[in-house]
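*Asks:* Would you mind keeping the following structure in view while I ask a few things?
The values are calculated or read from the model by the stated rules, or taken from the named source; none is laboratory data. Predicted, not measured: the structure shown is a model, and the values here were computed from it. Methodologically, a virtual Cβ is constructed for each residue, glycine included, from the backbone with ideal geometry; neighbour enumeration extends over all protein chains shown. Please note that ligands, DNA and RNA were not included when accessible areas were found on the heavy atoms of the full protein model with its side chains. Shrake-Rupley method; radii C 1.70, N 1.55, O 1.52, S 1.80 Å.
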Amino acid sequence: MDRVASTPAKMVLAVLVTCAVSATALTLTYEMTRGRIAEQQRAAEERALKSVLSSAEEFEALDDGLLEDAQEAAGEVQVFGLWVGRDATGGPQGFAVRCAPRGYGGPMQLVVGLDRDGKVSGVSIITQNETPGLGTKIMTDAWFLEQFVGWDGTSIDTASKEFDSISGATKSAVGVRKGVIVAGHVYADVLAGIEVPEGGGGQ
Amino acid sequence: MSEWIAVFKRGLLIDNPLTVLMIGLCATLAVSTKVEGALFMGLAVIFVMTASSVLISTMRRFVPELVRIPVFIVVIASFVTIVDLTMHAFLPDIYTFLGVWIPLIVVNCLILGRAEAFAYHNPPRLVSADGLGMGLGFAVVIVVLAFIREFVGSGEIVFMGTRLIAMPSWYRGPGVVMLFPGAFLVFGFLVAAMTALNRRLAARKVEPIPGCTLDEGGPS
């Protein structure tokens, strides 16, 4: 076949041109999808926050210094965000902690809501990669996430003894429990001690 | 045109990438737990497979032999990244389900294997038939596999949030079907069925397949 010979110059040229074209195509795709991807992620997070602390209207992210303290309290589980939830008049209603304990199929992104006294007000799973039909029961069996409501964040190690797992999905269920325990520790060690300004009508 | 159809049909049946060549199995066994996810995985593979083969075939005269593999990889990886970003933006739930398996299409040996064995040596017209046929052959098998596993394992088929069919409510599926050993078992039965079908087809007269001057070998 009359194919170009493998001389050094032609080889370099072929690879260079291919890479340049590919980079251009990828830049265009990235630019076109970037806005939507960020929007999707924000919307998913927003939905989760609302569902774990229904009394709050707006969520204000807490600053990075507190996030570092929270990470220390959480140990090996990564903490991705801390929020204070406020109602329509700006009064603080509670907190939300986003963390990623390990399930059966890798880290699961959870949001745990805690009211001002540190009682768990709700748990929501943003992303998970558990076995469909087995591990996914942590999301489809409604009673499972509801059992965490009311656990006391200030004595979470005691509260977490009252735990019903799911047979066939033990690793996923225990992973979620771990996330709630972490949120309790974050509350006890960090959030309980901070002064939350009453706020001037949600900013 | 008959040449085009012959090449296209080969990917579906006698050279089906999954049940005959048995390449690209890793992703197949992993994502075939849900019809929804398997369908979009299949579509992603059809797109990447066809687009990258046709592009490689179009530029085959300008790619020196010694650097062909790096060029193939760049082309394939670019199309996969395009699929990855687009799915992330428009189908977030399915993107989350497929997870790492979308970026891993880059190293699916089905696509690189066809680029090397077929696309680099044949004109774009025939290559488009090969890409579509192989892609479709992959998609059909992965969807059938996912259908059996989801239906038997979880007792229902849920597609885009709607329940399509369900077993009676007393049904409790064998959970193993959802796990990796179950994937191997179900896949084994599929291979057996496909082999029987291909035997029957081969008993009839088979015309020689155009574009196949090379011995393309087995799984790479």
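*Asks:* Residues in segment B:32-46: is at least one closer than 30 Å to A:Ala5 by Cα, surrounded by fewer than 22 Cβ atoms within 10 Å (Cβ to Cβ), at pLDDT 95 or above and among the aliphatic types (A, V, I, L, M)? Walk me through it before giving the result.
*Replies:* If we filter segment B:32-46 for residues that are closer than 30 Å to A:Ala5 by Cα, which is where we start, we get none.
There is no residue in segment B:32-46 that is closer than 30 Å to A:Ala5 by Cα, surrounded by fewer than 22 Cβ atoms within 10 Å (Cβ to Cβ), at pLDDT 95 or above and among the aliphatic types (A, V, I, L, M).
*Asks:* A further question follows. Return the residues of segment A:95-142 that are more than 14 Å from every other protein chain (Cβ to nearest Cβ), farther than 23 Å from B:Gly161 by Cα and open to solvent by 30 Å² or more (accessible area, probe 1.4 Å); say none if nothing qualifies.
*Replies:* Correct list: A:Arg98, A:Arg102, A:Asp115, A:Arg116, A:Asp117, A:Lys119, A:Ser121.
*Asks:* Go through segment B:19-51 and give me each residue that's within 14 Å of another protein chain (Cβ to nearest Cβ) and farther than 30 Å from B:Pro181 by Cβ.
*Replies:* B:Phe47, B:Ala51
*Asks:* From the list B:Ile111, B:Ile105, B:Ile142, B:Ile157, pick out the single residue that is open to solvent by less than 10 Å² (accessible area, probe 1.4 Å), within 14 Å of chain A (Cβ to nearest Cβ) and touching a residue at least 40 places away in the same chain (Cβ under 8 Å).
*Replies:* Checking each option against the conditions leaves just B:Ile157.
*Asks:* Take segment A:20-47 and flag every residue that is of a type in the set (D, E, K, R) and surrounded by 11 or more Cβ atoms within 10 Å (Cβ to Cβ). Show your work before the answer.
*Replies:* Applying the first criterion (of a type in the set (D, E, K, R)) to segment A:20-47 yields A:31, A:34, A:36, A:39, A:42, A:45-47.
A:Arg34, A:Arg36, A:Glu39, A:Glu45, A:Glu46, A:Arg47, listed by residue number.
*Asks:* Same structure again: Sort through A:Val97, A:Val111 and tell me the only one that's over 25 Å from B:Met87 (Cβ atoms) and either within 17 Å of the chain's Cα centre (by Cα) or touching a residue at least 24 places away in the same chain (Cβ under 8 Å) (or both).
*Replies:* Details: A:Val111 fails: over 25 Å from B:Met87 (Cβ atoms).
Only one candidate passes the filter, namely A:Val97.
*Asks:* Search segment A:14-32 for residues that are within 7 Å of chain B (Cβ to nearest Cβ) and farther than 13 Å from B:Ile76 by Cβ and pair each with any residue that is loosely packed, with under 13 Cβ neighbours inside 10 Å and not acidic (Asp, Glu) when their beta-carbon atoms are under 7 Å apart and the residues are at least 6 apart or on different chains.
*Replies:* Short answer, once both residue conditions are applied: none.
*Asks:* Another question, if that's okay. Please give the number of the condition B:Pro17 fails out of (1) without any contact (Cβ under 8 Å) to a residue 12 or more places away in the chain; (2) outside any helix (DSSP H, G or I).
*Replies:* (1)
*Asks:* Still on this structure, I have one more. Out of B:Val177, B:Val152, which single residue is over 30 Å from B:Pro124 (Cβ atoms), open to solvent by 40 Å² or more (accessible area, probe 1.4 Å), touching a helix residue (DSSP H, G or I) at 6+ places or on another chain (Cβ under 6 Å) and modelled with pLDDT of 85 or more? Let's see the steps before the verdict.
*Replies:* Numbers: B:Val177 fails: open to solvent by 40 Å² or more (accessible area, probe 1.4 Å).
Testing whether each residue is over 30 Å from B:Pro124 (Cβ atoms), open to solvent by 40 Å² or more (accessible area, probe 1.4 Å), touching a helix residue (DSSP H, G or I) at 6+ places or on another chain (Cβ under 6 Å) and modelled with pLDDT of 85 or more leaves just B:Val152.
*Asks:* Being part of a loop (DSSP other than H, G, I, E, B) and closer than 13 Å to B:Val143 by Cβ is the filter here; which residues of segment B:20-38 pass it?
*Replies:* Those that are part of a loop (DSSP other than H, G, I, E, B) and closer than 13 Å to B:Val143 by Cβ: B:Ser32, B:Thr33, B:Lys34.
*Asks:* Identify, by number, the condition in (1) within 19 Å of A:Ser6 (Cα to Cα); (2) open to solvent by less than 20 Å² (accessible area, probe 1.4 Å) that B:Met59 doesn't meet.
*Replies:* (2)
*Asks:* Among the residues of segment A:103-117, is there at least one that is more than 23 Å from B:Val100 (Cα to Cα) and not in a strand (DSSP E or B)? Steps first, answer last, please.
*Replies:* Residues of segment A:103-117 more than 23 Å from B:Val100 (Cα to Cα): A:112-117.
Next cut, not in a strand (DSSP E or B) only: A:116-117.
Within segment A:103-117, one or more residues are more than 23 Å from B:Val100 (Cα to Cα) and not in a strand (DSSP E or B).
*Asks:* Conditions: (1) within 14 Å of chain A (Cβ to nearest Cβ); (2) closer than 27 Å to A:Ala5 by Cα; (3) not aromatic (Phe, Trp, Tyr). B:Val54 meets all but one. Number of the miss?
*Replies:* For B:Val54, the failing item is (1).
*Asks:* Here's a follow-up. If you check B:Arg163, B:Arg204, B:Arg172, which single one turns out to be away from chain A (no Cβ under 13 Å), charged (D, E, K, R) and either under 20 Å from B:Thr33 (Cβ atoms) or open to solvent by 70 Å² or more (accessible area, probe 1.4 Å) (or both)?
*Replies:* On the way: B:Arg163 fails: away from chain A (no Cβ under 13 Å); B:Arg172 fails: away from chain A (no Cβ under 13 Å).
That would be B:Arg204, the only listed residue that is away from chain A (no Cβ under 13 Å), charged (D, E, K, R) and either under 20 Å from B:Thr33 (Cβ atoms) or open to solvent by 70 Å² or more (accessible area, probe 1.4 Å) (or both).
*Asks:* Could you tell me which of the residues A:Ala44, A:Ala5 is hydrophobic (A, V, I, L, M, F, W, C), touching a strand residue (DSSP E or B) at 6+ places or on another chain (Cβ under 6 Å) and facing chain B (nearest Cβ under 10 Å)? Spell out the reasoning first.
*Replies:* Working: A:Ala5 fails: touching a strand residue (DSSP E or B) at 6+ places or on another chain (Cβ under 6 Å).
Answer to the selection: A:Ala44.
*Asks:* While we're looking at this one, here's another question. Which numbered condition in (1) closer than 21 Å to B:Gly42 by Cα; (2) at pLDDT below 85 is the only one that B:Ile142 fails?
*Replies:* Unmet condition: (2).
*Asks:* Return only the number of the condition from (1) open to solvent by 50 Å² or more (accessible area, probe 1.4 Å); (2) part of a helix (DSSP H, G or I); (3) within 30 Å of A:Met139 (Cβ to Cβ) that A:Leu66 does not satisfy.
*Replies:* Going through the list (1) open to solvent by 50 Å² or more (accessible area, probe 1.4 Å); (2) part of a helix (DSSP H, G or I); (3) within 30 Å of A:Met139 (Cβ to Cβ), A:Leu66 breaks only (1).
*Asks:* Still on this structure, I have one more. With respect to B:Val74, determine if the residue is within 10 Å of another protein chain (Cβ to nearest Cβ) and either part of a helix (DSSP H, G or I) or open to solvent by less than 50 Å² (accessible area, probe 1.4 Å) (or both). Show your work before the answer.
*Replies:* Working: within 10 Å of another protein chain (Cβ to nearest Cβ): yes; either part of a helix (DSSP H, G or I) or open to solvent by less than 50 Å² (accessible area, probe 1.4 Å) (or both): yes.
Yes: the conditions hold for B:Val74.
*Asks:* Here are A:Lys50, A:Lys10: which of them is modelled with pLDDT of 90 or more, within 28 Å of the chain's Cα centre (by Cα), open to solvent by 50 Å² or more (accessible area, probe 1.4 Å) and not aliphatic (A, V, I, L, M)?
*Replies:* Numbers: A:Lys10 fails: within 28 Å of the chain's Cα centre (by Cα).
Step by step, each of A:Lys50, A:Lys10 is checked, and only A:Lys50 is modelled with pLDDT of 90 or more, within 28 Å of the chain's Cα centre (by Cα), open to solvent by 50 Å² or more (accessible area, probe 1.4 Å) and not aliphatic (A, V, I, L, M).
*Asks:* From B:Ile82, B:Ile69, B:Ile94, which residue is more than 8 Å from chain A (Cβ to nearest Cβ), assigned to a helix (DSSP H, G or I) and open to solvent by less than 50 Å² (accessible area, probe 1.4 Å)?
*Replies:* Values: B:Ile82 fails: more than 8 Å from chain A (Cβ to nearest Cβ); B:Ile69 fails: open to solvent by less than 50 Å² (accessible area, probe 1.4 Å).
One residue alone meets the criteria, B:Ile94.
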